[in-house]
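To keep things clear, I will list the structure first and then write my remarks on it.
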Amino acid sequence: MPPKIDVNQTTEIFIRTIGGEVGSVSSLAPKLGPLGLSPKKLGEQLSSSTKEWAGLKIICKLKVLNRQATVEIVPTSSSLIIRCLNEPKRDRKKIKNIKHDGNIELENIIKIAKILRHKSEAIKINGTIKEILGTCKSIGCNVL
């Protein structure tokens, strides 16, 4: 039998979800069940906190303390770039393999690099900007 989980201990769980949508309860249950949390309730909380990221895949960090979960969004470079492109919302189930062929300004790249600086392995901000530019190239957008 597995050991009991300490209620006063802070636990962090990372979940990749689609913004604004309620994820499947079956995928949340194995992660949240041992902590004594309701997957259905937490799925609704995830969807309400990611409404501004509607239609994008986003990583959420759940901090669980005393069976209370708080949701924090951890943006990735690709999701920030797609958000800067200001593309219209699409139905993920009907429209697939979309090309993100918009234009993005260098100022936006620098803002994204400052946001993601703490996650980068680069020594200087120049390296972080180059990482973001590589992500732009793989997504397919142009940098002005």
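The values are calculated or read from the model by the stated rules, or taken from the named source; none is laboratory data. Computed from a prediction, not measured in an experiment: that's the story for all the values here. Backbone-built Cβ (ideal geometry, glycine too); neighbour counts: all protein chains shown. These accessible areas exclude ligands, DNA and RNA; they are computed on the full protein's heavy atoms, side chains included. Shrake-Rupley method; radii C 1.70, N 1.55, O 1.52, S 1.80 Å.
With the helix formula -39500 (n - 2.57) applied to DSSP H stretches of n ≥ 4, the chain reaches a computed 222 nm mean residue ellipticity of -10500 deg cm²/dmol.
Which entries in Lys61/Lys130; Lys63/Lys137; Lys31/Lys119 show an alpha-carbon gap greater than 29 Å? Those over the limit are Lys63/Lys137.
Label sites at Lys137 and Lys51, each approximated as a point 7 angstrom past Cα along Cα to Cβ, lie 4.0 nm apart.
The Cβ shell under 13 Å around Ser38 holds other residues with a net charge of +3, Lys and Arg each +1, Asp and Glu each -1. All other residues with a Cβ under 15 Å from the Cβ of Ile123 taken together, and with Lys, Arg as +1 and Asp, Glu as -1, what is their net charge? Here the charged neighbours net out to +2.
Of the heavy-atom accessible surface of the chain (probe 1.4 angstrom), what whole percent is carbon and sulfur? Answer for the chain is 53 percent, counting heavy atoms of protein chains only. Approximating the spin labels as points 7 Å out from Cα along Cα→Cβ, the Lys119-to-Glu21 distance works out to 2.0 nm. Candidates Ile104, Leu46, Ile81 compared by Cα position along the dipole of segment 46-123: farthest toward the positive end lies Leu46, with charges placed on Cβ. For segment 72-83, the Karplus equation 6.51 cos²θ - 1.76 cosθ + 1.60, evaluated at θ = phi - 60°, returns couplings of 10, 8, 10, x, 9, 5, 5, 5, 5, 5, 5, 5 Hz by residue, with Gly and Pro reported as x. Only one item in [x] 16.1, 48; [y] 14.8, 42; [z] 17.8, 58 matches Rg and Dmax of the Cα atoms in Å derived from the coordinates shown, and that item is [z].
What is the local net charge at Cys60, summed over the other residues whose Cβ is closer than 10 Å to its Cβ (Lys, Arg +1; Asp, Glu -1)? Could you put the intermediate results ahead of the total?
Details: positive: Arg16, Lys61; negative: Glu72.
Local charge sum for Cys60: +1.
Provide the per residue accessible area, probe 1.4 Å, for the chain, rounded to a whole number of square angstrom.
67 Å²
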